[in-house]
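The structure appears below as structure tokens.
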Amino acid sequence: MRKTLSMLLLAATLPVAAFAGPQSPSGEMPMECHHGDMGAGHGGMGEFKLSPEQRKAIGEARRTAMQERREINQRYLDKLSESDKKAMQAELKASTDKAEKVFQDQLTPEQRKSFEEFRKQREERRTEWQEFQKWKADKEAKGQ
């Protein structure tokens, strides 16, 4: 359930996050676009001239904080009944669908085509990741 909920939350944010911010010529998201609350014009890290070491340290601190938030959220979610969990998932999906519709309504036909290609690639990567996780679990189970 934990993985499912985490994947649901991640999937809910990917479509909007993927196209919402500007990209560098190399196609990578600039530092200030990785987190909405840390974006340009909002005191984001992109406004500073950070060294690669500083970027690495800050990135690691952000990842650690994000993981801690996930663990805290999960502790409280684990206390919910199955019906509350299902209701929460349905509400999250409805919210995501609504946001995605608003997002897609703003796209030109060409952009929609690109977005659908992106969505297809994302789904392929998700499937590959799930297959890898299953393989890894099977390998660990056989090794023990």
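So for region 40-144, considering every pair of alpha-carbon atoms, how many percent are separated by more than 22 Å? Write down the numbers at each step before the final one.
On the way: 3719 of 5460 pairs.
It works out to 68 percent of all Cα pairs.
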In Å, what Rg and Dmax follow from the Cα atoms of region 82-144? 17.6, 53
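Values in this text are rule-based calculations from the coordinates and carry no lab data. Treat the numbers as computed from the prediction; the structure is a model and nothing was measured.
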